Amino acid sequence: MSWQTYVDEHLMCDVGDGRTLSSAAIVGLDGSVWAQSSSFPKFKPEEITAIMKDFDEPGSLAPTGLHLGGAKYMVIQGEAGAVVRGKKGTGGITVKKTNQAMIFGIYDEPVTPGQCNMVVERLGDYLYDQGL
């Protein structure tokens, strides 16, 4: 299965009542984009570096927020070294780290944080279990 198929069918899938994430991507730990939805924001390398640092040093994003594509998200409870979550207005972001990549999901209402977490973390757990 191609990486784009994972994004299209497993991240941008129906999360309930015909709703989907706003955008999603799979980005290598080196910052290279493996696959992304057409609406995924163009990010800066330093934004990915800061997210990676938070996986290594949990809490490092809390004072400054999580930045992606120029948007700033307030960092909320995640899982140290595995999941970073952020909130911005009525939407937010979930980032799940695997062995080789980061799975990004961005949502806006009416999609809920829990729905985004479920979709992103389910794929991330699957890829992690596959050694990816």
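Overview of values
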item	result
Selection within region 16-26 - of a type in the set (A, V, I, L, M) and open to solvent by 20 Å² or more (accessible area, probe 1.4 Å)	none
Candidate set from region 51-81 (those that are within 19 Å of Ser32 (Cα to Cα) and of a type in the set (Gly, Ala, Ser)); member that is surrounded by the most Cβ atoms within 10 Å (Cβ to Cβ)	Gly69
Of residues in region 117-132 being open to solvent by 100 Å² or more (accessible area, probe 1.4 Å) and in a helix (DSSP H, G or I), the one farthest from Gly92 (Cα to Cα)	Asp129
Selection within region 86-116 - over 24 Å from Ser60 (Cα atoms), of a type outside the set (S, T, N, Q) and either open to solvent by less than 10 Å² (accessible area, probe 1.4 Å) or touching a residue at least 24 places away in the same chain (Cβ under 8 Å) (or both)	Asp108, Pro110, Val111
Failed item in (1) modelled with pLDDT of 95 or more; (2) in contact with a Lys or Arg (Cβ under 6 Å, 6 or more places away or on another chain), with Gly28 passing the rest	(2)
Matching option when the condition is in contact with a helix residue (DSSP H, G or I) (Cβ under 9 Å, 6 or more places away or on another chain) and among the hydroxyl-bearing types (Ser, Thr, Tyr), among Ser32, Ser60	Ser60
Near pairs, Cβ below 9 angstrom, 6+ apart or cross-chain, from region 44-59 (within 12 Å of Val84 (Cβ to Cβ) and part of a loop (DSSP other than H, G, I, E, B)) to any residue that is modelled with pLDDT under 95 and not acidic (Asp, Glu)	Pro58/Gly78; Pro58/Ala80; Pro58/Gly81; Gly59/Ala80
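The values are calculated or read from the model by the stated rules, or taken from the named source; none is laboratory data. In this text, all values refer to a predicted model and were calculated from it rather than measured experimentally. FYI the Cβ positions are ideal-geometry reconstructions off the backbone, even for glycines, and counts take in every protein chain you see. Accessible surface is based on the protein model in full, side chains and every heavy atom, while ligands, DNA and RNA are left aside. Shrake-Rupley method; radii C 1.70, N 1.55, O 1.52, S 1.80 Å.
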